[in-house]
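Below is one structure; the comments refer to it alone.
The numbers here are math on the coordinates, done by the rules we state, and not lab data. Keep in mind the model is a prediction, meaning the values are calculated, not measured. Here Cβ is always computed from backbone atoms with ideal geometry, including for glycine, and neighbour counts include all displayed protein chains.
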Ligand SMILES: Cc1ncc(COP(=O)(O)O)c(C=O)c1O
């Protein structure tokens, strides 16, 4: 299908996109026709290295042969099944996931989208504690369902939504490169959290239920909390009878170089974790995982969570195979290797590219913050946009992200199977664009 025909269809039949959102203006972009490995191909035959892993859900790679085989087998056996009856792929996925999860988080339930798993996690925390209020980070993003998850996605403007969910509020994100309090870690003693908690205590409307956070704030500009942050959050939760919910949509299942993103900090054990994105190896399945005790208490209080497609055999079979691939191919180690290669490349580029202000992230979730002045850290949004366009034209796809209104962070999310040669090609494309700008 050529671009003219695609434009006719989108103008006549497609719901318009909101220009300031990250999906805005896609009518003017190439149209995808196929994908394999780390490459996507458009309808004009042009190939792109996909350093956004689809919508971060192809972290194993596009069309991984084992994924395709497992999905085909399920297709031939049973695609959909009622969630009022158990099915074999569902049982196998509960067991496979349970064996991977760290103790005591081995109880799981399945849903479809990442947003589903966040809504269900918050509801679970509320039912298990009897509390209501939920805190999130001001640079966090937890989904796009119109009420609860968007209300907790403080990195988007909440005023874009028609109604905001009550008992949801933000505390300061520990964005050390641009400390909201103008302090320096570690001498700051994580003051952003201490101050925020005083405010939160003053604002709670009812009993608090949960704190939700991403181990790395991805959409907020790939912000990695400083060492000790989540341990303090955990302590604060325990003091207030709140549960710690980790949104591992983007950090779970190997991408940060460990199986789960929260495992980078010693002594942190969330009460609930939500998994999605590449759990289905490209198909939509999400999971909420918690302890036996929390699950039991919530169920006694009437908790349940499901969707019509939550336990479809085809999705569960995909989930089981993606977990097998992650383990068999030791993808966390591969992600850690890619991190080192990309960070080394940017450290070298930073010597002659003053635009590079900060290089951060873990595994295959990396951010390069661009600034026009390293001292003042002036955000280089316009330059980032130019670099994005040049890279796109030269066959490399990634997204620009940033905290709240900013879009000055190059976010790279290559699949964990990306080869050294593919990393080097991507680095050359970015280096050329940085030099040109
Ligand atoms: C950290 C995080 N949580 C939740 C979600 C929501 O996932 P979904 O779009 O599958 O509903 C996203 C989406 O990008 C995300 O990045």
Expressed as a rounded percentage, what relative contact order does the chain have, with Cα pairs under 8 Å and six or more residues apart? 21 percent
Two-decimal ratio, segment 65-328, of alpha-carbon radius of gyration to 2.2 N^0.38 Å: 1.00
Between residue 43 and residue 144, the FRET efficiency computed from the C-beta separation at R0 = 22 Å comes out, to the nearest 0.05, as 0.25
Would you calculate a helix-derived [θ] at 222 nm for the chain, using -39,500 (n - 2.57) for each DSSP H run of n ≥ 4 and dividing by the full residue count, to the nearest 500? -11500 deg cm²/dmol
Per GNM of the chain with C-alpha springs under 10 angstrom, the most fluctuating residue out of 372, 417, 77 is 77
Additional length obtainable on full extension of the chain from residue 300 to residue 7, 0.36 nm per residue less Cα span: 100.2 nm
Need one number: nm distance between label points at residue 377 and residue 267, each 7 Å from Cα along Cα→Cβ, rounded to one decimal. 2.7 nm
Just to check, using Stokes-Einstein with a Kirkwood Rh over alpha carbon pairs, what's the diffusion coefficient of segment 338-419 at 20 °C and 1.002 mPa s in µm²/s? 165 µm²/s
Expected output is a single nm value to one decimal: the length gained when fully extending between residue 348 and residue 198, i.e. 0.36 nm times separation in residues minus the C-alpha distance. What is it? 49.8 nm
Using DSSP, restrict attention to beta bridges with both residues in the chain and report what percent are antiparallel, rounded to the nearest 5. 65 percent
Once you place label points 7 Å from the Cα toward the Cβ at residue 31 and residue 432, how far apart are they in nm? 2.7 nm
Taking only Cα atoms and a 10 Å spring cutoff, compute GNM fluctuations for the chain and point out the largest among 198, 106, 390. 198
Relative contact order [Cα under 8 Å, 6+ residues apart], segment 142-272, whole percent: 19 percent
Separation of alpha-carbon centers, segment 37-107 and segment 174-247, rounded to whole Å: 32 Å
First measure r as the distance between the Cβ atoms of residue 241 and residue 85, then evaluate 1/(1 + (r/R0)^6) with R0 = 35 Å and state the FRET efficiency to the nearest 0.05. 0.45
